[in-house]
Amino acid sequence: MSLASLLCRGQTGLDSYVVTVEVHLSGGLPSFAITGLAAAAVRESRDRVRAALQTSGYDFPVSRITAHLGPADVPKQGGRFDLAIALGVLRAHAKKDNWATGRIEFLGELALNGDLRSITGALPSVLAAHRDGRAVVLPAANADEAALAPESEVYAARHLSEVVRHLDGAAPLPRVEPREVRPAETAPPLDLADVRGQAFAKRALTVAAAGGHNLLMTGPPGSGKSMLAERLSGLLPPLPRDDMLRVASIASVAGERSAANPTQWPPFRAPHHTCSAAALVGGGSRPRPGEISLAHRGVLFLDELPEFGRDALEALREPLESGLARISRVHEQITFPAEFQLVAAMNPCPCGFRGDGTDRCKCSPTRIEQYGGRISGPLLDRFDLQIDVPRVSFDDIAEPAASRESAAVRALVTSARERQLERGGRLNARLDARALWRAVTLGRAERALLKRAADRFRLSARSTLRVLKVARTIADLAVCDSIAAEHVAEALQLRCR
């Protein structure tokens with residue numbers, strides 16, 4: 001009878017928790033059991049471990065084998081425990097008491113020939129292990145991703161035998177050198193100067209970028225709505241390192257290739273309108289982050305907004321307010337960060353040509369009402385800016401474009417954001433009511449103007465506060481300490497159509 005114990009790490013959302021892998025060998029009929037609330041993929045590890053050990057030239061014990069993954073009441077998912085289980089079996093069978101495994105965590109899925117395959121969630125696991133003062137051994141395929149963790153002690157291996165030789169002291173594994181994040185380029189890949197005309201829409205885009213406001217654009221096909229949205233992330237300042245690591249960790253848990261080579265530019269996500277609510281918000285049988293979490297600290301663009309499923313759109317309402325995506329299951333509740341900026345585009349009618357200056361639109365008032373009714377009032381209320389993007393004239397198309405425009409706008413946006421963070425610690429779009437009133441002082445003229453607009457357009461309390469947030473952002477762009485009537489007027493123009 002013998003017992004071996006090693007450390008691994010499980011993953012629940014972005015939270016990585018330590019898992020103690022205990023392997024016990026005893027007499028009796030040969031068997032291999034895995035306990036500890038293991039999912040099917042973890043239970044299948046029995047066959048992968050047996051084949052990997054045998055094909056790698058190691059004896060597999062003819063014993064009663066029990067592998068326990070503690071804590072027992074936390075669900076275990078995926079093949080990340082294979083390497084630790086295999087080493088536990090080998091250590092218990094071959095009496096490898098000389099292995100110094102007390103401060104090392106082992107992660108990796110095993111192929112049948114002993115190769116180590118990549119796992120999801122490697123970056124958050126390495127970050128958590130570093131906080132606990134431990135080293136990590138993981139597949140070489142995850143080395144680039146793990147290298148993003150500063151000052152971490154990571155060793156990469158391609159095969160099970162390399163890990164065994166490392167623990168035996170025969171051939172130490174190479175340590176993964178931490179690397180710096182690829183810096184943001186001096187200019188974004190897409191520039192605002194590519195959009196011809198649309199001065200009003202560009203101004204709205206600037207205000208949205210400066211305050212983190214949600215933006216809805218309505219206009220005929222070809223007016224430039226998608227081009228404008230695609231250039232929004234290039235107007236935002238580069239992400240700080242902590243935010244970049246957070247974004248990369250979300251991509252790592254989702255299995256995105258971008259996790260291994262992130263940039264400091266805020267993420268831009270544009271899912272197709274056929275995506276499900278689970279794909280948009282997160283979920284599934286094995287909960288994964290959705291598009292709103294992959295857009296954390298960046299931009300989520302929903303083109304053809306009315307074509308999205310009603311369930312998917314309504315699921316956005318709570319994350320837009322809280323900045324979190326909460327996924328509840330029987331055994332657990334998983335929370336992913338989802339502090340994103342929502343930009344949406346839609347046509348004015350089903351055919352798209354209403355109000356474009358021609359007589360091509362044949363849509364009836366009933367069809368137009370039904371089309372607009374696909375977006376609920378509560379969701380529409382959460383768009384701080386709601387603008388019309390008209391058809392571009394030929395003169396605007398033929399006008400020579402400036403070489404660069406985004407850099408100048410990004411400088412204004414960065415300055416305005418710095419003012420907001422110094423004043424309240426958050427962007428204007430994220431201020432609650434109490435913080436907003438601390439940042440806003442209305443004079444008699446501004447109060448009267450806002451009251452007339454609230455009565456005329458029947459603004460809800462949420463809409464009224466959002467108008468004030470936009471006005472505060474416009475004042476920040478103008479480097480004004482207080483809100484003036486022209487700031488309130490422009491905020492109303494950017495929302496009330």
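The values are calculated or read from the model by the stated rules, or taken from the named source; none is laboratory data. Keep in mind it's a predicted model, so treat the numbers as computed, not measured. Quick reminder, even Gly has a Cβ in these numbers, built from the backbone with ideal geometry, and neighbours come from all protein chains shown. What goes into the accessible areas is simple: the full protein's heavy atoms, side chains included, and nothing from ligands, DNA or RNA. Shrake-Rupley method; radii C 1.70, N 1.55, O 1.52, S 1.80 Å.
By the rule of a C-alpha distance below 17 Å, with chain neighbours fewer than 8 residues away ignored, the lysines paired with Lys202 are Lys225. Computed from Cα atoms, the angle from the helix 82-94 axis to the main principal axis of the chain rounds to 10 degrees. Report the antiparallel proportion of the DSSP beta bridges in the chain as a percent, rounded to a multiple of 5. Just about 50 percent of them are antiparallel. Figure note: His296, His159 ranked by solvent-accessible area, largest first, 1.4 Å probe, ligands and nucleic acids not counted: His159, His296. Computed from Cα positions, the angle between helix 199-211 and the longest principal axis of the chain comes to roughly 50 degrees. Considering only Cα atoms, the convex hull volume of segment 213-318 works out to 118 Å³ per residue.
3J(HN,Hα) couplings calculated from phi for segment 256-268 with the Karplus curve 6.51 cos²θ - 1.76 cosθ + 1.60 (θ = phi - 60°) are, in sequence order, 7, 5, 5, 5, 7, 9, x, 10, 8, 6, x, x, 10 Hz; Gly and Pro show x.
Here the Kirkwood formula, the inverse mean of 1/r across different C-alpha pairs, assigns segment 115-235 a hydrodynamic radius of 18.2 Å. Taking amide H as placed 1.01 Å from N in the peptide plane, the amide H of Gln386 sits under 5 Å from that of Leu216, Arg495, each at least 5 places away or on another chain. One Cα centroid belongs to segment 118-187, the other to segment 239-296; the line between them spans 21 Å.
For Lys95, the lysines whose Cα falls under 29 Å of its own Cα, not counting residues fewer than eight places away in the same chain, are Lys76. Take the alpha-carbon centre of segment 207-223, take the same for segment 437-461, and report the distance between them in whole Å. If we compute the Cα centre of each part, the gap is 23 Å. Mean sequence separation of contacting Cα pairs (under 8 Å, at least six apart), scaled by the length of the chain, corresponds to a relative contact order of 13 percent.
Here the peptides 65-73, 26-34 are ranked by packing, the mean other Cβ count within 10 Å, and the order with the highest first is 65-73, 26-34. Is the C-alpha gyration tensor of segment 4-48 telling us rounded, prolate or oblate? Criteria: a/c under 1.5 is rounded; beyond that, a/b larger than b/c is prolate, otherwise oblate. Verdict is oblate for segment 4-48. Given the choices (i) 23.4; (ii) 24.3; (iii) 25.5, Kirkwood radius over Cα pairs in Å derived from the coordinates of this structure is entry (iii). Taking 4.7 Å between C-beta atoms as the pairing limit, the chain has these partnerless cysteines: Cys8, Cys275, Cys351, Cys361, Cys480, Cys496. Using the Cα gyration tensor of segment 110-170, with a ≥ b ≥ c the square roots of its eigenvalues, what is the shape: rounded (a/c below 1.5), prolate (a/b larger than b/c) or oblate (neither)? Here segment 110-170 falls in the oblate category.
Ranked by the mean number of other Cβ atoms within 10 Å of their residues, highest first, the peptides 109-118, 226-235 fall in the order 226-235, 109-118.
Across segment 333-418, Cα-Cα pairs more than 20 Å apart make up 63 percent of the total. Can you bin segment 257-308 into rounded, prolate or oblate? Criterion: square roots of the alpha carbon gyration tensor eigenvalues sorted a ≥ b ≥ c, rounded for a/c under 1.5, prolate for a/b above b/c, oblate for the rest. Oblate, because a/c is 1.5 or more while a/b does not exceed b/c.
Short-range pairs are left out: with C-alpha atoms under 8 Å and at least six residues apart, the relative contact order of segment 403-497 is 31 percent.
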